[in-house]
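Report on the structure given below.
The values are calculated or read from the model by the stated rules, or taken from the named source; none is laboratory data. Computed from a predicted structure; not experimentally measured. When we count neighbours, we look across all protein chains shown, and the Cβ atoms used for this are built from the backbone with ideal geometry, even at glycine.
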């Protein structure tokens with residue numbers, strides 16, 4: 001206890017009524033790094049030279065005796081392996097023993113379990129009490145909560161304590177992403193995100209959302225707040241500072257409609273550069289509908305409560321005619337159909353790629369795990385270097401390095417390959433939504449006995465999601481194999497699939513614990529696989545497939561594309577649309593047909609039959625193969641129709657009947673660009689007529705006058721045609737140069 005007595009003597013040099021106050025006043029309490037320097041310097045003035053080991057042992061004794069309580073920041077820097085067993089033995093041996101017995105065998109074998117025990121011991125050392133006295137706030141004070149292995153240990157310790165029932169029911173299910181899983185925000189918090197400067201309008205929007213909240217789900221409420229607070233009023237305040245009334249001048253409302261129609265997007269190119277473009281805003285009609293509903297609701301409520309809403313009633317800046325969405329819906333349907341038609345033919349390639357990547361990832365993982373630590377492993381042309389040691393309890397290597405020195409998580413790659421394959425197979429066989437896929441549980445697979453034959457068939461029960469409609473889907477043999485593989489992976493060694501709580505990112509609420517199929521263990525904590533992880537796994541599969549779209553860019557598949565492909569393929573193969581509606585879980589048949597990108601087969605077949613009948617009644621020689629001489633003559637005819645003043649309009653196969661007197665010919669199609677040449681010809685004819693009259697060549701003069709009259713008519717026709725095109729009532733087909741010149 002030499003170190004403890006020396007530390008207490010040193011603390012007596014600082015002011016304070018208790019040892020804790022003196023410790024807080026000492027410089028050693030600021031940081032664990034070099035905390036012994038001041039003590040060693042003080043001891044040297046007394047002629048003493050204690051060892052650092054004696055000081056560490058003395059401080060540990062004072063902490064175990066609860067004489068001093070260092071801060072969590074100080075304890076987080078302490079890497080001593082003696083802190084945990086000393087605190088457990090001296091402060092709360094019963095609590096630590098019960099904690100160890102409550103943790104499952106899998107959790108105790110986790111490589112972060114030792115750090116988790118140490119972190120719990122640090123909480124006891126910093127705040128006093130025992131294991132049963134730890135509260136949620138104690139775990140949120142760790143400086144490395146969301147970083148590195150310490151953060152993983154904190155989350156594992158939180159899971160242990162919460163599973164013991166130590167925390168209140170409304171405590172977070174997990175500390176993973178606790179900063180963003182904030183739960184539902186109040187209307188005031190939703191509006192305040194946009195930092196509106198006009199306080200009365202801000203309060204009005206909050207009151208409006210509060211009135212609408214009982215009839216809306218949280219996603220709709222959040223969208224409405226974004227449309228009214230962000231896209232409407234925040235935009236008006238940005239472009240018209242000081243605005244404080246809903247009575248908008250026409251120029252202000254018109255300018256807002258122009259701005260809301262487009263948006264600025266930033267996309268990363270394959271070379272890493274960022275491309276900024278201005279694109280039409282797909283949600284512009286919905287924003288206008290929300291603004292119009294806002295104005296009309298205020299006007300209607302003003303009749304019932306004029307003292308509350310009356311002074312805000314104002315003319316609506318969005319007319320009913322501006323809400324026409326027919327063309328918008330048609331363009332949206334066209335884009336959706338084109339997207340589906342582009343992806344439906346390549347679906348087999350994606351399925352094969354997913355299967356290949358899974359087999360390769362599984363074989364790669366087995367090869368590396370079977371190799372001794374510190375060795376080099378060759379797998380299908382790739383070389384991996386295994387670490388010399390492993391912190392895993394099973395002794396298998398963690399991350400490895402490839403030939404380029406890049407750290408690779410082979411186990412994580414195998415997991416993503418498996419769930420990419422499982423996601424593609426389940427979505428293409430069922431057409432369910434991605435949120436319904438993430439909510440599939442062991443309870444979703446049920447058996448149904450057919451009343452007619454008594455045969456038992458498996459069914460997949462889809463929990464209510466978007467439309468709050470529960471539905472049952474038949475499980476085919478291919479889907480049964482996929483679900484069996486997913487269940488086998490989720491099942492623990494004891495045969496149980498862990499029940500975990502999932503976070504609904506749309507409604508911002510935690511769901512009840514369920515044996516979710518799409519789950520995995522991360523640092524000893526069972527988590528549901530997030531949407532971002534699924535998208536990342538799909539992107540890796542698409543990148544490996546090498547597929548590109550019509551622009552040459554890598555093809556992008558979203559989970560919802562499989563739903564559109566499923567519905568389209570089902571209807572094309574004879575499934576009645578109303579049955580497809582039930583399977584898809586749509587409220588109306590219109591929604592189902594909106595998903596189906598079906599070609600007009602009847603129209604195509606009828607047109608082909610018409611062409612076949614027309615060929616039967618026409619002479620067979622008209623359909624013979626054209627000879628090279630005939631093809632050269634055909635092309636030569638159109639080449640001979642090109643003239644200096646334009647083109648000849650005579651029919652194909654006919655010769656010129658005007659002996660190439662093109663200025664006099666009525667079938668000459670004069671080009672507007674050749675008007676200067678016509679004027680030159682007209683002036684030349686006048687000079688020649690004057691010469692013929694002067695020389696007495698009356699016959700020659702008479703013929704030249706006919707050509708002059710034809711040239712004047714051609715110039716007059718050109719001028720008339722150009723004037724008609726410039727008029728506002730011109731209904732003809734514009735020329736190419738006019739199309740380019742008038743493009744916005």
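Scan region 51-86 for residues that are under 49 Å from the mean Cα position of the chain (by Cα) and touching a residue at least 60 places away in the same chain (Cβ under 8 Å) and report the count.
3
Of the residues that make up region 54-74, is at least one more than 26 Å from residue 130 (Cα to Cα) and outside any loop (DSSP other than H, G, I, E, B)?
yes
Filter region 27-39 down to residues that are in a loop (DSSP other than H, G, I, E, B) and within 18 Å of residue 61 (Cα to Cα), then give me how many there are.
Summing the residues that are in a loop (DSSP other than H, G, I, E, B) and within 18 Å of residue 61 (Cα to Cα) in region 27-39 gives 3.
Can you name every residue in region 40-53 that is in contact with a helix residue (DSSP H, G or I) (Cβ under 7 Å, 6 or more places away or on another chain), surrounded by fewer than 16 Cβ atoms within 10 Å (Cβ to Cβ) and assigned to a helix (DSSP H, G or I)?
If the condition is that a residue be in contact with a helix residue (DSSP H, G or I) (Cβ under 7 Å, 6 or more places away or on another chain), surrounded by fewer than 16 Cβ atoms within 10 Å (Cβ to Cβ) and assigned to a helix (DSSP H, G or I), then 42 is the only one that fits.
Here are some conditions: (1) assigned to a strand (DSSP E or B); (2) closer than 30 Å to residue 512 by Cβ; (3) modelled with pLDDT of 90 or more. Residue 447 meets all but one. Which one does it not meet?
Only one criterion is unmet by residue 447, namely (3).
Does residue 536 satisfy the criteria of being over 17 Å from residue 345 (Cβ atoms), assigned by TED's automatic domain parsing to the domain that holds residue 444 and outside any helix (DSSP H, G or I)?
Spelling it out, it is not the case that residue 536 is over 17 Å from residue 345 (Cβ atoms), assigned by TED's automatic domain parsing to the domain that holds residue 444 and outside any helix (DSSP H, G or I).
Suppose we filter 222, 267 for residues that are crowded, with 17+ Cβ neighbours inside 10 Å, in the same structural domain as residue 317 (by TED's automatic domain parsing) and under 30 Å from residue 326 (Cβ atoms); which single one remains?
222
Could you check region 509-519 and list, in sequence order, the residues that are crowded, with 16+ Cβ neighbours inside 10 Å, touching a residue at least 40 places away in the same chain (Cβ under 8 Å) and in contact with a helix residue (DSSP H, G or I) (Cβ under 9 Å, 6 or more places away or on another chain)?
The answer is 514, 515, 516, 517, 518.
Return the total of residues in region 390-444 being closer than 15 Å to residue 479 by Cβ and assigned to a helix (DSSP H, G or I).
Adding up the residues that qualify gives 13.
Among the residues of region 162-173, is any touching a strand residue (DSSP E or B) at 6+ places or on another chain (Cβ under 7 Å) and buried (at least 18 other Cβ atoms within 10 Å of the Cβ)?
Yes: region 162-173 contains one or more residues that are touching a strand residue (DSSP E or B) at 6+ places or on another chain (Cβ under 7 Å) and buried (at least 18 other Cβ atoms within 10 Å of the Cβ).
Yes/no per residue for (1) exposed (fewer than 15 other Cβ atoms within 10 Å of the Cβ); (2) in contact (Cβ under 8 Å) with a residue 40 or more places away in the chain; (3) closer than 30 Å to residue 581 by Cα; (4) in contact with a strand residue (DSSP E or B) (Cβ under 8 Å, 6 or more places away or on another chain):
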| residue | (1), (2), (3), (4) |
| --- | --- |
| 367 | no, no, no, yes |
| 392 | yes, yes, no, no |
| 402 | yes, no, no, yes |
| 408 | no, no, no, yes |
| 415 | no, yes, no, yes |
| 422 | no, yes, yes, no |
| 429 | no, yes, yes, no |
| 434 | no, yes, yes, no |
| 440 | no, yes, yes, yes |
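Output the residues belonging to region 615-664 that are surrounded by 11 or more Cβ atoms within 10 Å (Cβ to Cβ) and in contact (Cβ under 8 Å) with a residue 24 or more places away in the chain.
643, 645, 646, 647, 661, 663, 664
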